[in-house]
Each structure stands twice: as structure tokens, then as C-alpha cells.
Amino acid sequence: MWARDGIDGGQGEAVRVPQAQGTLVKLPVGEDSALLPSLLTLSDVFPTGHHCAVTAGVNPRTSVTVIGDGAVGLSAVLAARRLGAEQIILMGRHKDRTDLGREFGATDVVAERGAEGVERVLDLTGGDGTHRVLECVGLLPALETAFAVVRAGGVVCRVGAPQYAEVPFGFGDFLRNITLTGGVAPARAYVEDLLPDILEGVIEPGKVFDRTVSLEDIAGGYQAKADREALKVLVRP
């Protein structure tokens, strides 16, 4: 959120921000910085992917499957790579998005869904599945796929807002010692950790923005998202 004090004879704009001392972050860049798209992702989408990876326990010793090629899923790929995962399987079928996923660090892309998708992930992991699964969709088939591709003793973390009332977690999953975790990302809590890598150009999460609209065309931005014509929309005044 931007705020500007009134100057020049009292003329100007001001924005009241409740709890500003704990929510706003002063950035060492100007408003025309090329880093702004990536910095903007710190308000939500990148910390959400990071939260998924951290909560799942991704580290250099873990293999990872990311389900979903939306902005959160791609952010989860980037986060998993940043945390050291060497094998990152991205499940998604939109080539322009999965190409970005490869750029972010995905080692493999699985476009198939359902049983075929599960079989493909198992083929890529010697039949075991991956240690961690990051579910970034929120639909029941995605969760079912997550349980099917996580290896015994592994962790499924979900950050996609659940669109279902019950979790199909039965006795077979119980016997495999699968952990299910996840939830809403505390985005502000991760900013200090993630900000330096963006400022230093180590990561560029702002690449998820593939369309820019004005304030007057926000409705058009939403429509582009709904029509799958845009991955993530950036609004500029």
C-alpha cells in the first residue's frame, strides 16, 4: 500500500493504514523500480508458495511435487528451489505457465491428470512418490492426487483454499504415516527473509505477472483471469 503526505500548501493524498507499524514495509527503491513487480508478490502470492514449502519441510534432502500451475503453484516451485530441493515435479498443463515453472526450478513437468498423472509422477520417482507434495489448487481431485503421489512417511501441505467439506483420508493413508498440513500464509512474517533475495536479484517472483491494467480496467483484469487469459494481473494507478 502506498501513502503520500500532503505537501505543496496542503495538497496531496493520504492513506490511513491501521496497524501500519506492523503491516507496512519501507522499501529501499523508488516507485519506478524494475523490482516492483517482484516486491509486490511479497504482499501475498510468493509468501503463500513459500509458506507451503516451509510448512511441508522442504529442504535439500527432499523431493517435491507441486500441484497447480497458477501463480501460487509457480511461487511454490520457486520457493522449493530456493530451499534446496533438487527434484521438483510440477503438475500442470498450461505450457506457458509450466515453462515459467521450469525457469523457476521445476526439474520435471507432468501435464497428465488423474490416474495418468499419478502414474507419471511415480515413474519419475522410482515408484515411491516424493517426500513432499505442495497442493496449490484447493479442489478435491488435487488433494486426492497429492495423497497418491506422496511417498510413505511424507508430507502433503495445502495452501489452496479448500473447496470441499471433508478430507478423504482413510486407513490406507493412516498406515502410510502421511502428514497433512497447511493453511493461510502469514505473509508479513516472511518478508524480512524473502526481501533480500529479491533486492539482490537472486529470485524474480514478479515474473508471474503477465498482464498490467489500470485502476479503471480492474474488472477486465478479473475477466482475463477467469478466462484463463492471464496468470496474474498487476494493477498500476
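The values are calculated or read from the model by the stated rules, or taken from the named source; none is laboratory data. As the structure is a computational prediction, the values presented were derived from the model and not from experiment. Positions of Cβ are generated from backbone atoms using ideal geometry, with glycine treated the same way; all protein chains shown enter the neighbour counts.
Screening 180, 234 for residues that are in contact (Cβ under 8 Å) with a residue 40 or more places away in the chain, part of a strand (DSSP E or B) and surrounded by 15 or more Cβ atoms within 10 Å (Cβ to Cβ) leaves exactly one candidate, 234.
Filtering 228, 236 for residues that are closer than 25 Å to residue 40 by Cα and in contact with a helix residue (DSSP H, G or I) (Cβ under 9 Å, 6 or more places away or on another chain) leaves a single hit, 236. Within the range 26-54, the set of residues being of a type outside the set (A, V, I, L, M) and either closer than 18 Å to residue 78 by Cα or part of a helix (DSSP H, G or I) (or both) comprises 37, 38, 41, 43, 44, 46, 47, 48, 49, 50, 51, 52. Within the range 188-222, restricting attention to residues that are in contact (Cβ under 8 Å) with a residue 40 or more places away in the chain and aromatic (Phe, Trp, Tyr), which residue is nearest to residue 51 (Cα to Cα)? Only one residue tops the list, namely 190. When 153, 182, 201 are checked against the criterion of being touching an Asp or Glu at 6+ places or on another chain (Cβ under 8 Å), on the phi > 0 side of the Ramachandran plot and not basic (Lys, Arg), a single residue qualifies: 182. Considering only residues in the range 69-88 that are touching a residue at least 60 places away in the same chain (Cβ under 8 Å) and surrounded by fewer than 24 Cβ atoms within 10 Å (Cβ to Cβ), the one that is farthest from residue 107 (Cα to Cα) turns out to be 70.
Selection within the range 100-128: residues that are free of Cβ contacts under 8 Å to residues at least 24 places away in the same chain and small (Gly, Ala, Ser). The member of this set that is farthest from residue 83 (Cα to Cα) is 115. Does residue 105 satisfy being under 24 Å from residue 167 (Cβ atoms), out of contact with any Gly (no Cβ under 8 Å at 6 or more places or on another chain) and either crowded, with 16+ Cβ neighbours inside 10 Å or at pLDDT below 95 (or both)? The answer is no for residue 105.
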